[in-house]
Structures are given as structure tokens and as C-alpha cells.
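Chemist: Here it is: the structure, laid out below.
The values are calculated or read from the model by the stated rules, or taken from the named source; none is laboratory data. Owing to the predicted nature of the structure, the values given are computational and were not obtained by experimental measurement. So basically every Cβ, Gly included, is an ideal-geometry build from the backbone, and we count neighbours across all protein chains shown. Just the protein is used for accessible areas: all its heavy atoms, side chains included, with ligands, DNA and RNA removed. Shrake-Rupley method; radii C 1.70, N 1.55, O 1.52, S 1.80 Å.
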Amino acid sequence: MAREETSTTTSTAVRGPAAEQPTRTATHAWTTRLLLIGIVLTALNLRPAITSLGALLKEVRDGLGMSGSVAGLLTSVPPLCFAVFGVMAPRLARRFGPATVVCAGMLAITAGLLIRPYAGGTAGFLAASALALMGIAVGNVLMPVIVKRWFPDRVGSMTGLYSMALALGTASAAAITVPMTDALGGGWQTGLAVWAALAGAAVLPWIPFVRRREAAPAEERHARVPEQSAHDAAPALRITRSRTAWALAVFFGLQATAAYITMGWMAQIFRDAGVSAGTAGLLLAVTMVMGVPLAFVIPRVATRLPHQWPIVLALGVCGLAGYAGLYLAPAGGAWAWAVLLGVSNCAFPLALTMVGMRARTGAGVAQLSAFAQSTGYLISIPGPLLVGVLYQHSGGWGLPIALMTGLMLPQMVVGVLAGRNRTVEDEAAR
């Protein structure tokens with residue numbers, strides 16, 4: 001009987017791992033699928049709060065009695081929130097885990113989008129918008145971290161999927177907000193609040209991973225320990241000594257200024273020129289969707305060139321041509337201007353690519369990225385506000401378009417400087 005018990009125990013021990021293997025494989029596959037859904041849904045929600053407002057800005061201004069200056073302040077809130085709350089995201093992720101923080105961010109977007117149309121005044125509208133933008137800010141920072149952590153062998157393909165979803169969400173909100181508002185009864189409050197449903201759906205895939213830091217593969221977690229130690233041991237660069245770092249920060253800030261002016265005001269420019277609200281939303285969608293294919297093409301071309309100034313100048317010329325068209329014939333050539341400005345706005349993936357090329361080490365890239373993005377978003381804050389002030393006091397779009405054109409010229413200059421073949425480590429050492 002003892003022999004039988006021993007035999008049974010041994011047999012169970014031998015069969016145990018084999019029996020558990022299908023379960024583990026199924027669990028891993030389920031986890032991977034859930035993460036994919038979470039990444040895609042999160043990326044879809046990182047811009048609709050901004051572009052849906054741009055499509056209905058006239059109705060929001062009329063409904064809240066909002067002046068042009070306050071509307072300009074509203075379009076300056078996104079970069080401010082990205083600069084302030086984005087800095088907090090890594091610290092929160094270290095304490096609570098990145099999946100938990102992203103889940104909280106999606107909840108913040110859901111709550112902000114639900115509250116802001118019914119907040120009852122301009123102050124409440126701004127506060128609720130800031131809540132939604134706080135969630136977007138942590139998503140902006142932590143999505144690449146999650147891709148790197150859970151898909152270390154598929155970073156390129158997952159980043160491409162994430163980028164396409166982000167561009168799709170941006171363009172979709174611009175294109176369908178107005179017709180969807182009309183279909184739902186014509187109230188701008190409903191047209192803005194309905195996007196909370198998409199954000200609420202993005203909360204669900206992250207719930208199983210809340211506070212589950214062990215969700216990453218064990219071998220990947222162990223592999224990160226020496227890398228992190230080496231990173232901590234590396235001496236910090238005096239990044240402010242690098243002219244390239246400053247040029248890249250200013251370039252990032254000016255391209256972000258142009259992007260947020262476009263998202264916040266371009267639909268209004270077309271509507272004031274006599275274009276219908278639905279068509280103006282479609283034009284903004286065309287501008288945003290240009291980033292889907294070009295976000296793949298531009299980084300690949302940029303990494304094959306020792307200097308990136310030809311791409312900088314090509315994008316800048318497209319922007320100047322688009323602004324000239326908006327001034328001379330905003331309605332007559334609307335589709336062409338939308339395409340040109342969409343190409344110009346692809347300075348964003350170029351800026352991210354140059355961050356990776358202007359530093360030799362991983363620590364240098366991380367430090368340069370933090371400096372360029374935080375400084376850049378701070379630089380971008382006044383632009384949309386100035387556009388609103390100029391529009392209100394001049395009664396037209398001549399001066400605002402002149403400002404946009406004037407900002408494109410220094411963007412091209414600093415972009416040429418940032419695109420030179422040198423590294424911040426060498427400059428900081430000198």
C-alpha cells in the first residue's frame with residue numbers, strides 16, 4: 001500500500017507540470033489578447049477629448065458665452081496638462097504599477113468627458129477638461145512603457161499598432177462628432193459626452209491587471225534588474241549644456257504649438273470661411289489622418305540620413321503653403337490646405353525619431369526625451385491662447401494666420417540645428 005501511495009504521488013508529480021502547461025499557455029494567450037485590446041482602446045482615447053471639442057468649438061462658445069480669449073485658453077490646456085501631469089506618470093507607475101495608472105487615467109478621461117458638457121459654466125468646463133487631459137497625459141507617457149514591458153520582442157509592431165489607433169481616434173473624433181451630434185438631437189453637450197463611452201470601454205481591459213505587477217513575465221522582470229542598476233549608476237548628463245538638446249526642445253515645442261492650434265482652431269477657420277460644420281470636421285479629420293501612413297515612413301527615412309534637415313525643411317514648406325492657402329482661399333482650396341497641414345504636422349514623429357538619434361546611450365535618450373518633451377510642451381502653451389486673443393481683437397483670421405506662419409520659420413531653423421549629426425553626450429561633456 002505504501003508502494004501504491006508512493007507510485008500515485010510520483011505519477012502526480014510527473015503529470016502535474018504537463019497537465020498545467022495547457023492552462024498556462026491558455027492564460028498567457030488570454031493575457032496577451034487582453035493587453036492588445038487595452039493598448040488599442042487606450043490609444044483610441046488619447047485625442048478625441050481634444051478634436052471633438054475643436055469640431056464643436058463654435059457651439060460650445062455660444063452655449064457657455066465664452067470669449068475668444070477664453071476659447072484660446074481652452075485650446076492651451078492640453079499641452080499644459082501634458083507637461084504637468086506627464087512628469088508625474090513615471091513616479092506613479094513605480095509606486096502603483098503602469099497598468100493601474102493607465103486604468104486610473106482611463107477613468108479620469110471617462111469622468112472628465114461626462115462632466116464637462118454639464119458642468120454649468122466655463123470654469124467647470126475647463127476643470128473637467130483638465131481632468132480628462134490628466135488621464136490622457138499619463139496614457140501618453142506610459143503606453144510606450146507598457147509596450148516595452150509586455151512586448152519586448154515586438155516593440156516596433158506594437159508601437160505601429162498603437163500609433164495607428166491614436167491617429168484613428170484623432171481623425172474619427174474630428175470627422176464624426178458633428179454628424180453624430182446631429183443624429184443625437186443637435187445638442188453639443190450630447191455630442192461631447194458620447195465620447196465618454198469609448199473611454200469607459202478602455203477601462204475594462206485594465207481591471208484584471210490593477211496592482212498586478214507580476215503580470216510581466218518573470219524572466220523579463222529579472223532581466224530588468226541589472227539594466228535598471230546600470231541606468232541608475234550612469235552619471236546624469238548636464239543636458240542644458242547641449243545646444244542640440246535646446247534646439248530639439250524648441251523644435252518639439254513649436255511643432256506641438258502648430259499641432260494644437262490646428263486641432264483647436266482649423267475647423268473654426270473653415271467654418272468662418274463658409275464651409276459647413278460637417279465638412280469642416282471632415283477637413284480636420286483629413287489633416288489628422290495624414291499621420292497614419294507618414295508616422296511609419298518619416299522615421300524610417302530619417303534614420304537612413306546622417307542629417308535630418310531635408311525632412312525638416314520639406315515639412316516646414318508644406319506648413320507655409322497650407323497657411324498661405326488658409327489666408328488667400330480658405331474655402332476654395334480647403335482640401336489641399338488640410339492635406340498640406342496634415343503633412344506639416346508630421347514633425348511630431350520626426351521629433352521623436354531625432355530624440356533617439358541625438359543620444360548614444362539609453363540613459364541619454366531617456367534624459368533627452370524628458371527634457372525635450374517637458375520643455376517643449378511648456379513652450380507650446382501660449383500659442384493657441386494667442387490665436388484666440390488675436391482672433392477676438394482683430395475680428396478675422398489674418399493676424400492669427402500670420403502668427404502661425406511666423407512660428408513656422410523658427411521651427412524650421414531649430415529643426416535644422418536639431419537634425420545635425422551629433423550627440424548630446426559629446427556636447428554636454430564639452
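Chemist: Does Ile401 satisfy the condition of being open to solvent by 50 Å² or more (accessible area, probe 1.4 Å) and either touching an Asp or Glu at 6+ places or on another chain (Cβ under 9 Å) or at pLDDT 80 or above (or both)?
Modeler: no
Chemist: Another question, then. Go through region 118-145 and give me each residue that's surrounded by fewer than 24 Cβ atoms within 10 Å (Cβ to Cβ) and of a type outside the set (A, V, I, L, M).
Modeler: Tyr118, Gly120, Gly121, Thr122, Gly124, Phe125, Ser129, Asn140, Pro144
Chemist: If you don't mind, another one. So Leu46 clears everything in (1) in a helix (DSSP H, G or I); (2) at pLDDT 80 or above; (3) under 17 Å from Met143 (Cα atoms) except one condition, right? Which one?
Modeler: The number of the failed condition is (1).
Chemist: What about Gln308, is it within 30 Å of Arg358 (Cβ to Cβ), touching a Gly at 6+ places or on another chain (Cβ under 6 Å) and of a type in the set (S, T, N, Q)?
Modeler: yes
Chemist: Search region 250-291 for residues being touching a helix residue (DSSP H, G or I) at 6+ places or on another chain (Cβ under 6 Å) and open to solvent by 30 Å² or more (accessible area, probe 1.4 Å), and hand back the single one that is farthest from Asn345 (Cα to Cα).
Modeler: Arg271
Chemist: Take the residues in region 410-430 that are touching a residue at least 60 places away in the same chain (Cβ under 8 Å) and among the aliphatic types (A, V, I, L, M); name whichever of them is most open to solvent (accessible area, probe 1.4 Å).
Modeler: Initially, region 410-430 is screened for residues touching a residue at least 60 places away in the same chain (Cβ under 8 Å), giving 410-412, 414-425, 427-428, 430.
From the residues that got through so far, the ones that are among the aliphatic types (A, V, I, L, M) too are 412, 414, 416-418, 424, 428.
On the way: Met412: 27, Val414: 24, Val416: 46, Leu417: 71, Ala418: 0, Val424: 1, Ala428: 11 Å².
Only one residue fits best here, namely Leu417.
Chemist: Out of the residues in region 318-336 that are free of Cβ contacts under 8 Å to residues at least 40 places away in the same chain and part of a helix (DSSP H, G or I), state the one that is surrounded by the most Cβ atoms within 10 Å (Cβ to Cβ).
Modeler: Gly322
Chemist: Quick check on this structure: which one of Leu53, Leu35, Leu57 is within 23 Å of the chain's Cα centre (by Cα) and modelled with pLDDT under 85?
Modeler: Leu57
Chemist: Any residue at all in region 192-199 that's of a type outside the set (A, V, I, L, M) and assigned to a helix (DSSP H, G or I)?
Modeler: no
Chemist: Given region 209-293, what helices (runs of 4 or more DSSP H) lie entirely inside it while holding 1 or more residues that are basic (Lys, Arg) and at pLDDT below 85?
Modeler: By residue number, 218-233.
Chemist: Does Arg300 meet the test of being surrounded by fewer than 16 Cβ atoms within 10 Å (Cβ to Cβ), more than 23 Å from the chain's Cα centre (by Cα) and of a type in the set (Lys, Arg)? Reasoning before the result, please.
Modeler: Numbers: surrounded by fewer than 16 Cβ atoms within 10 Å (Cβ to Cβ): yes; more than 23 Å from the chain's Cα centre (by Cα): no; of a type in the set (Lys, Arg): yes.
In short, no.
Chemist: Here is a follow-up. Sort out which residues of region 58-68 are part of a helix (DSSP H, G or I) and open to solvent by 30 Å² or more (accessible area, probe 1.4 Å), and write them in order of number.
Modeler: Within region 58-68, Lys58, Glu59, Arg61, Asp62, Gly63, Leu64 meet the criteria.
Chemist: On the basis of being of a type in the set (Gly, Ala, Ser), surrounded by fewer than 21 Cβ atoms within 10 Å (Cβ to Cβ) and farther than 27 Å from Arg149 by Cβ, does Gly72 make the cut?
Modeler: no
Chemist: Say we look at region 45-57 and pick out the residues that are open to solvent by 10 Å² or more (accessible area, probe 1.4 Å) and touching a helix residue (DSSP H, G or I) at 6+ places or on another chain (Cβ under 6 Å); which of these is nearest to Gly120 (Cα to Cα)?
Modeler: Ile50
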